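**Q** Take a look at the following structure, please.
The values are calculated or read from the model by the stated rules, or taken from the named source; none is laboratory data. All figures in this text were calculated on a predicted structure; none of them were measured in a lab. Ideal geometry is used to build each Cβ from the backbone, glycine not excepted, and the neighbour counts take in all protein chains shown. These accessible areas exclude ligands, DNA and RNA; they are computed on the full protein's heavy atoms, side chains included. Shrake-Rupley method; radii C 1.70, N 1.55, O 1.52, S 1.80 Å.
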Amino acid sequence: MTLEERGPRADAELDPWGLLRIEKLLVGLDGVASLKIVPDGRGGIDEIHVLSASDLGPKQVVRNIESALLAEFGLQIDHRKISIAKVRGAEATAPLAKPAATAAAAPEPSRRLLLESLHIERSAGQKVTCKVELLEGGSKYTGEAEGPDFESARMETAATAVLNAVQQASGPNVNLSLQGVSRATAFGRSFVIAVVNGAVRRETISLAGIGKVLDSPEEAAVFASLQAINRWIGER
């Protein structure tokens, strides 16, 4: 019997804590080849063990997991409960390899832009310039933006720099504009939420992403913007 045939009531009985839905979300993240979730028996998560073959560093993989859980389920998990094991690509994919007949029909990997660097420079007249460098495959894209030197404006400037870089990667048929950036506090932690408008021909969509404030709110705004945009361009 498939999940569709069982229906939501049967799913709730077989998976009372919703771990299957969480696992389905996390295995779709960049940097997660496979994982094991250890429940705490009280409806929460005790440990998440991840096998990664991505070029992403363990710190970024953990950030992606934290942001995805918070955005999709409103679930916050201590980063110390997430362990990342990195292996070479061949070792990670061998246990997960599909039979030859199905592997040939597998879809190509989704597009995903990764942050290479973020530079923030303050200048006279209370101005700030943000410069980001994004990587996609072997290509690098640079975006810059300038704005006033106060926190909310700096976050918007950083997010705008990301959009300018993504615009270069996406070409003239894609139009991106920043709807807004906001900082929020939840569960004793600080997050930045970015909302981006994307348009291709007559299709327009509102995109949202969230980034946890670790080093700076500007960095969190960059990751929030990338999360929103990567979901969209990955689907296209």
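**Q** Debye calculation, C-alpha points only, no solvent: report log10 I(q)/I(0) for the range 107-176 at q = 0.14 Å⁻¹, in the same order as the q values.
**A** These q points yield log10 I(q)/I(0) values of -0.45.
**Q** May I ask which of K24/K131; K59/K81; K24/K212; K24/K81 have a Cα-Cα span longer than 24 Å here?
**A** On the way: K24/K131 34 Å; K59/K81 13 Å; K24/K212 22 Å; K24/K81 19 Å.
In this structure, K24/K131 exceed 24 Å between Cα atoms.
**Q** List the chymotrypsin sites (Phe, Trp or Tyr not before Pro) within the range 177-236 that fall in a DSSP loop (any state other than H, G, I, E or B) and whose Cβ has at most 15 other Cβ atoms within 10 Å. Write down the numbers at each step before the final one.
**A** Values: sites: F187, F191, F223, W232; in loops: F187.
Filter output for the range 177-236: F187.
**Q** Taking H as built 1.01 Å from N, whose amide H comes closer than 5 Å to the amide H of L75, not counting residues under 5 places away?
**A** Distant-sequence amide H within range of L75: L70.
**Q** Out of the total accessible area of the range 128-183 (probe 1.4 Å, heavy atoms of protein only), what percent is carbon and sulfur? Don't jump to the answer; show the numbers that get you there.
**A** On the way: 1030 of 2520 Å².
Carbon-and-sulfur percentage of accessible area, whole number: 41.
**Q** Enter the accessible area per residue of the range 118-236 (Å², integer; probe 1.4 Å; all protein chains in place). Don't skip to the end; give the middle numbers.
**A** Values: 5840 Å² over 119 residues.
Ligands and nucleic acids excluded, the result is 49 Å² per residue.
**Q** Let me ask something else. With label points built 7 Å along Cα→Cβ from the Cα atoms of K127 and K59, find their separation and express it in nm.
**A** For the pair K127/K59, the computed spacing is 3.1 nm.
**Q** Multiply the residue separation of E151 and D40 by 0.36 nm, subtract the distance between their alpha-carbon atoms, and state the gained length in nm to one decimal. Numbers along the way, then the final one.
**A** Details: separation 111, 0.36 × 111 = 39.96 nm, distance 3.85 nm.
Between E151 and D40, full extension yields 36.1 nm more.
**Q** Leaving ligands and nucleic acids out of the surface, order E144, E133, E121 by accessible area at 1.4 Å, largest first.
**A** On the way: E144 105, E133 40, E121 125 Å².
From most accessible down to least: E121, E144, E133.
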